[in-house]
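Read-outs throughout are calculated quantities, based only on the coordinates presented, and are distinct from any laboratory measurement. Here the structure is a predicted model, which means the values were calculated and not measured. Don't worry about glycine lacking a Cβ; one is built from the backbone with ideal geometry, like all the others, and counts go over all protein chains shown.
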């Protein structure tokens, strides 16, 4: 039980540090290139990344504690859910910002998206390998 809590907290902690690093880098680029207008895309990407990070940590903890036999299904479902959420987020940006303003949204969002997907896959791959050894 404590190991599950620590694993979830570590996932959130490392994930938040990763989002902060991405945020600092993207803000630096935004300051260096103000004509690119990256403020709104950065905000959307940071909020999406943090919400997904927190949701997956809470859900992973619950599935791991209560329904451990369904953990592989959880890993598969998170991938599909994240993709659907990303599509709907980009659709919302499209409806609000318009077609002409979508390039910065898509580029910034995809950088955050792929970094967080990579982190999620690497982190839980190590967790699964550690559980297999036990």
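Remarks
- Largest first and in whole Å, the equivalent-ellipsoid semi-axes of the chain read 32, 16, 10, each the square root of five times a Cα gyration tensor eigenvalue.
- Taking other Cβ atoms within 10 Å as a rough exposure proxy, 68, 120 sort from fewest to most as 68, 120.
- Net length available on complete extension from residue 125 to residue 40 is 27.3 nm, with 0.36 nm assigned per residue and the Cα-Cα distance removed.
- Convex hull (Cα only) mean projected area of segment 1-52, reported in nm² to one decimal: 3.4 nm²
- Counting neighbouring Cβ atoms within 10 Å and putting the fewest first, the residues 54, 17, 90 line up as 17, 54, 90.
- For segment 24-43, backbone nitrogen atoms closer than 15 Å to the point 7 Å from residue 94 Cα along Cα-to-C-beta are found at no residue.
- Whether segment 73-112 is rounded, prolate or oblate, judged on the alpha carbon gyration tensor where a/c under 1.5 counts as rounded: oblate
- Length available on full extension from residue 51 to residue 115: 0.36 nm per residue minus the Cα-Cα distance, which gives 21.6 nm.
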